[in-house]
Amino acid sequence: MSASDKPVLEVRDLNVSYSQRDIRSTVVHGVSFSVNAGEVVALVGESGSGKTSTAQAVIGLLAENGRIESGAIVLNGEDISRWSNARLRNIRGAVVSLVPQDPGNSLNPVATIGEQVREILSIHGRISRREADRRVIELLTHVGLSEPELRAKQYPHELSGGMKQRVLIAIAIALRPALIIADEPTSALDVTVQRRILDLIDDLRRQYGTAVLLVTHDLGVAADRSDKIIVLQGGRIQEQGKTADVLAAPQSAYTRKLLSDAPSLAAAKPRAPIEPGRPAALTISNLVQDFNLPSGKTFRAVDDISFTVPRGTTHAVVGESGSGKTTTIRAIAGFQKPTGGQIRIGDFDVGSLNSKDLRQFRRKVQLVYQNPWASLDPRQTVRAIIEEPLLNFEPVAREERDRRVAAIADRVGLPTTLLSRLPHALSGGQRQRVAIARALVLEPEVVVLDEAVSALDVTVQAQILDLLAELQRDLGLTYVFVSHDLAVVRQIADTVSVLHNGRQVDYGTVEQVFSAASSDYTRELIDAIPGAKFPHADISRHAFSAGPLS
Amino acid sequence: MTTADTFSDLDTGKRSKRAGTSRSLASILLNFPYGLALAWLVIATVLLWTLVPGLFTAYDPLQGVPGGQLKAPSAAHLLGTDSLGRDLFSRIVHGAVHSLSGAIAAVGVGLVVGTGLGLFAGSVRGRVDEIIMRFVDVLLSIPTLLLSLSIIILLGFGTINAAIAVGATAIAGFARLMRSEVVRVRNAEFVEAAFGSGGTFGKVLWRHILPNSLTSVVAYTAVQFGWAILQISTLGFLGYGAPPPTPEWGLLIAEGRNYLATAWWLTAAPGLVVVAVVLSANRISQSIGKTNGRSA
């Protein structure tokens with residue numbers, strides 16, 4: 001690294017607070033760190049750790065009710081923490097710039113890409129139209145967009161998520177700032193796209209010597225890409241130091257916990273192999289699903305997929321957005337009639353069920369959704385949510401219902417006191433536990449988990465995965481686990497299908513697929529798992545074995 | 001739970017925490033929603049007028065005092081008297097029951113029929129939805145006054161018929177709003193989850209779709225209430241509402257307009273009462289919309 005003597009950014013004893021009505025609560029407590037030129041510093045923490053607030057304070061973009069209480073933010077030798085907005089505006093983009101989190105919402109939908117990149121050039125200095133156009137094309141080429149002339153004339157909705165993030169990076173680097181703040185730049189992207197975007201940021205840093213403050217919740221990403229790592233918890237720095245040092249010998253207990261919970265860093269112990277001869281809980285043969293497009297054509301979302309899941313085991317369906325994995329599991333859960341092929345679960349042939357049989361079938365197969373914020377009715381108490389499936393079938397006496405709700409809540413680790421609360425008073429992990437309890441209260445045989453841990457913080461994710469493994473062991477459940485995160489899959493699945501553009505490109509046991517993938521695409525996916533630079537932090541998680549036959 | 005769970009707990013806790021002890025008297029006075037309190041006061045007063053009009057005025061609303069015609073407001077007659085010597089304040093107080101019950105009946109018709117249509121259309125979708133919503137479009141395309149006048153001519157004059165006529169014009173608005181809410185809620189994951197746990201269509205509709213769709217409909221109902229009072233008064237003014245000598249507010253305005261030059265209070269007073277009630281209803285509706293927005 002070309003570290004000069006004077007750091008680009010130095011934050012000293014920063015305190016940030018937010019006001020809620022009449023209360024001010026401090027969310028960043030005495031945070032100090034520095035970023036040198038050409039260095040990538042990762043700010044790592046879970047939601048609520050104050051990492052985003054810290055980053056926003058640096059660029060002077062705290063929310064309206066936020067305030068820097070004390071401390072100094074020294075950018076290129078000048079303390080900007082007390083600057084007015086008008087003064088800050090002169091340095092935003094020119095000296096420090098931001099790559100925002102969500103590429104979908106961060107571009108103006110009614111302006112072309114070219115206009116939006118040109119805007120940053122014209123704000124910070126007079127530049128002729130022709131010169132600006134030339135620079136725009138140059139920048140778009142630089143961030144690796146194909147056909148930059150065409151892209152400059154397109155609108156954001158015509159670009160994919162990864163392309164939009166490239167445009168945002170082009171805007172961020174347009175004026176060659178000394179510091180780029182990247183706030184979760186790849187969280188919303190597929191893993192292979194994520195890798196390319198991070199490579200791009202890396203290349204640009206090397207070329208221009210720009211410093212990067214990388215805000216991320218993903219320790220794997222931080223491990224791969226940063227020189228220094230700062231671990232935040234509850235607005236306080238738990239630990240900071242050279243990335244290699246922190247990962248090799250974490251000093252704080254919290255960092256150790258984060259490391260052991262991060263699926264991409266923990267060395268996965270292989271699960272015990274499935275003994276042959278287990279009866280199949282779920283068999284899918286040659287599943288095909290077409291959708292009618294408004295244009296009158298049909299779109300084949302799923303093309304000839306087959307797999308078998310033995311009872312009490314976990315089958316993972318892996319793929320990126322648009323790969324057909326959601327379509328597959330919706331067909332399994334009986335929300336769509338397949339166009340072709342057969343899905344057999346127990347005695348049911350899912351494709352040929354009438355609406356009456358379909359309801360009986362629901363007792364056997366339950367779906368847990370990705371987003372615990374959307375899958376629970378905001379107006380019902382936790383008790384009512386968990387109880388609801390019991391009301392849909394033959395009447396169960398009230399006391400019996402209460403008993404079963406309490407039992408299942410206890411089983412998934414929900415304290416009884418939470419039963420009378422509404423979902424908005426629960427944390428993400430608790431909500432997902434409620435969703436799991438609702439799925440299990442009917443005692444199903446197959447549980448389909450649609451990215452069930454993707455929206456959760458890593459320690460919560462680890463707890464939910466532990467819970468799922470425990471439930472499988474005790475109740476003999478069969479899981480179909482949909483995920484884009486191969487690191488998680490390696491940890492909990494027995495068999496795996498890799499989908500790409502609706503086709504099954506790989507199928508086999510996790511061992512087989514991870515060690516000898518048959519398709520290039522699968523190998524690319526495996527390579528893109530972040531954290532490869534540090535294959536195992538020396539703390540490894542205990543492995544799970546398949547559940548018993550019941 | 002563990003660390004991470006506690007964080008998010010903190011987060012939600014912060015949001016829902018009410019400023020308790022630290023809130024000073026000054027900030028209570030400063031933040032008190034005076035406008036909203038006034039709006040509730042107006043509505044409460046008018047409701048009391050309908051329930052116990054005798055408490056507010058001793059005069060008979062229908063029986064005039066001979067020789068006391070067109071008196072200016074005074075201590076004896078707060079708002080003066082009309083051309084037949086009847087106390088205007090008494091007529092306004094006693095008229096509240098006609099205007100209010102008319103408005104409630106009208107909103108009731110619009111609410112029940114409109115939300116029913118919207119709920120059905122939004123949850124069934126497909127061709128039925130198309131037919132219902134095109135019918136609603138037709139209703140929307142007819143000017144409201146023209147529509148209510150035609151209905152009154154079909155049904156005949158009278159307070160109830162006027163209410164039905166006004167209610168019919170409100171159906172379209174309720175149906176559109178309800179349908180859009182239902183469509184929004186229907187696509188929510190928790191609704192699919194409810195079907196996924198074996199719920200029948202009717203059960204899911206009743207347990208999830210209806211309660212989650214109603215919030216903005218309730219706010220809209222309050223707006224419609226004010227608007228219905230205005231419409232009923234309009235019909236009364238035009239002579240299509242309650243027949244004289246009923247002290248209906250629109251009729252009061254109409255009767256007073258002949259004396260605008262000499263006794264302006266005869267039109268101004270009932271007019272201002274209508275304005276106050278309509279504005280209050282709007283203000284209350286706004287506050288309902290806001291709290292719902294916050295809790296959602």
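Below are the figures for this structure:
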| read-out | value |
| --- | --- |
| A:Leu390 more than 29 Å from A:Leu258 (Cα to Cα) and in contact with a Pro (Cβ under 8 Å, 6 or more places away or on another chain) | no |
| Check on A:Arg330, basic (Lys, Arg), closer than 17 Å to A:Val480 by Cα and part of a loop (DSSP other than H, G, I, E, B) | no |
| Flag for B:Arg207 being within 25 Å of B:Ser141 (Cα to Cα) and surrounded by fewer than 22 Cβ atoms within 10 Å (Cβ to Cβ) | no |
| Condition check for A:Leu358: under 30 Å from A:Phe299 (Cα atoms), out of contact with any His (no Cβ under 9 Å at 6 or more places or on another chain), assigned to a strand (DSSP E or B) and not charged (D, E, K, R) | no |
| Any helices (runs of 4 or more DSSP H) falling wholly within the stretch B:1-85 and containing at least 1 residues that are modelled with pLDDT under 80, on the phi < 0 side of the Ramachandran plot and within 14 Å of another protein chain (Cβ to nearest Cβ) | B:3-16, B:25-31 |
| Boolean, A:Asn15 is surrounded by fewer than 17 Cβ atoms within 10 Å (Cβ to Cβ), in the same structural domain as A:Arg176 (by TED's automatic domain parsing), of a type outside the set (Val, Ile, Thr) and not in a loop (DSSP other than H, G, I, E, B) | no |
| Some residue of the stretch A:534-543 being out of contact with any Ser or Thr (no Cβ under 9 Å at 6 or more places or on another chain), modelled with pLDDT under 90 and assigned to a helix (DSSP H, G or I) | no |
| Residue that is farther than 30 Å from B:Gly256 by Cβ, more than 14 Å from chain A (Cβ to nearest Cβ) and in contact (Cβ under 8 Å) with a residue 40 or more places away in the chain, where the choices are B:Val223, B:Val183, B:Val166, B:Val218 | B:Val183 |
| Filter pass, B:Ala228 being more than 14 Å from chain A (Cβ to nearest Cβ), under 16 Å from B:Ala165 (Cα atoms), hydrophobic (A, V, I, L, M, F, W, C) and crowded, with 18+ Cβ neighbours inside 10 Å | yes |
| From B:Ala296, B:Ala193, residue being modelled with pLDDT under 85, within 30 Å of B:Ser123 (Cα to Cα) and within 14 Å of chain A (Cβ to nearest Cβ) | B:Ala296 |
| Residue in the stretch A:185-206 that is touching a strand residue (DSSP E or B) at 6+ places or on another chain (Cβ under 6 Å) and either on the phi < 0 side of the Ramachandran plot or surrounded by fewer than 21 Cβ atoms within 10 Å (Cβ to Cβ) (or both) present | yes |
| Check on A:Asp245, in the same structural domain as A:Thr52 (by TED's automatic domain parsing), surrounded by fewer than 23 Cβ atoms within 10 Å (Cβ to Cβ) and within 30 Å of A:Ala170 (Cβ to Cβ) | no |
| Single condition A:Leu219 does not satisfy, out of (1) surrounded by fewer than 20 Cβ atoms within 10 Å (Cβ to Cβ); (2) touching a strand residue (DSSP E or B) at 6+ places or on another chain (Cβ under 7 Å) | (1) |
| Looking only at the stretch B:128-185, and only at residues there that are hydrophobic (A, V, I, L, M, F, W, C) and outside any helix (DSSP H, G or I), the one that is nearest to B:Phe201 (Cα to Cα) | B:Ile142 |
| Residue check for A:Val350: touching a residue at least 40 places away in the same chain (Cβ under 8 Å), touching a helix residue (DSSP H, G or I) at 6+ places or on another chain (Cβ under 8 Å), crowded, with 18+ Cβ neighbours inside 10 Å and not hydroxyl-bearing (Ser, Thr, Tyr) | no |
| Qualifying residue in the stretch B:278-293 (condition: closer than 30 Å to A:Ala452 by Cα, of a type outside the set (Gly, Ala, Ser) and either out of contact with any Gly (no Cβ under 9 Å at 6 or more places or on another chain) or in contact (Cβ under 8 Å) with a residue 40 or more places away in the chain (or both)) | yes |
| One residue from A:Ala111, A:Ala63, A:Ala86, A:Ala132 being small (Gly, Ala, Ser), free of Cβ contacts under 8 Å to residues at least 60 places away in the same chain and touching a Pro at 6+ places or on another chain (Cβ under 9 Å) | A:Ala111 |
| Hits in the stretch B:228-262 - residues which are of a type in the set (A, V, I, L, M, F, W, C) and out of contact with any helix residue (DSSP H, G or I) (no Cβ under 9 Å at 6 or more places or on another chain) | B:Ala261 |
| Search result, residues across the stretch A:367-376 that are crowded, with 23+ Cβ neighbours inside 10 Å and at the interface with chain B (Cβ under 7 Å from one of its Cβ atoms) | A:Leu367, A:Tyr369, A:Ser375, A:Leu376 |
| Residues within the stretch A:204-238 that are in contact with an Asp or Glu (Cβ under 7 Å, 6 or more places away or on another chain), within 14 Å of chain B (Cβ to nearest Cβ) and not aliphatic (A, V, I, L, M), tallied | 1 |
| Pairs where the first residue, in the stretch A:436-463, is within 13 Å of A:Arg363 (Cβ to Cβ) and the second is among the aromatic types (Phe, Trp, Tyr), C-beta under 7 Å, 6+ apart | A:Val447/A:Tyr479 |
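The values are calculated or read from the model by the stated rules, or taken from the named source; none is laboratory data. Keep in mind the model is a prediction, meaning the values are calculated, not measured. Every residue, glycine as well, gets a Cβ built from its backbone with ideal geometry; the counts of neighbours run over all protein chains shown.
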